[in-house]
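Undergrad: Below you will find the structure I want to go over with you.
What follows draws every value from the coordinates through simple rules; no lab data is involved. Fair warning: this is a prediction, and the values are worked out from it, not measured in the lab.
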Amino acid sequence: AIGVLTHILGGIMNLFGLPLSLANAVINGLFEVTLGAQASGSAAGTSLVHQAAIAAFILSWGGLSVHAQVASLLSRTNLRYIPFLIARLVHGILAMALVYLLWNSLGPIG
């Protein structure tokens, strides 16, 4: 099942010009932040800007383990989980976009 998700995500990433080798990092990061960030940083054959952008998305997303904890806490309140989910997804996309936008002016030299 993870292989199928990685393949599908790889196709989507290819549409946006992202390296396919980072698809595994994103899949790992969807579930658990530490594993995803580690996979992003150790992805072979990818530039540092792509690794940083994927890591920014993963760190902003928070992982499904965090989402499950939040959903559990929210179940005892009148607050809904869906706005939190959307906010985390938008946060991840914005963090990734900002890495690409600011990389040349704030990123490493060289």
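Undergrad: Hey, if you drop one equal point scatterer on each alpha-carbon of the chain and run the Debye formula without solvent, what base-10 log of I(q)/I(0) do you get at q = 0.18, 0.23 Å⁻¹?
TA: These q points yield log10 I(q)/I(0) values of -0.89, -1.27.
Undergrad: Taking 8 Å as the Cα distance limit and 6 or more residues as the minimum spacing, I'd like the relative contact order of segment 27-92 as a percentage.
TA: Reported as a whole number, the value is 34 percent.
Undergrad: Ok, one more. Cα axis of helix 82-106 to longest principal axis of the chain: angle in degrees, 0 to 90, nearest 10?
TA: It is inclined by approximately 20 degrees.
Undergrad: Right, another one. What 222 nm value per residue comes from the helices of the chain, counting each DSSP H run with n ≥ 4 as -39,500 (n - 2.57) and dividing by all residues, nearest 500 deg cm²/dmol?
TA: Only helices count here, giving -24000 deg cm²/dmol.
Undergrad: In degrees, nearest 10, range 0 to 90: what is the angle between the Cα axis of helix 64-74 and the longest Cα principal axis of the chain?
TA: Approximately 30 degrees, to the nearest 10.
Undergrad: Ok, one more. Note the full-extension length gain between N14 and L64 as 0.36 nm times their separation in residues minus their Cα-Cα distance, in nm to one decimal.
TA: Full extension of this stretch gives 15.6 nm more.
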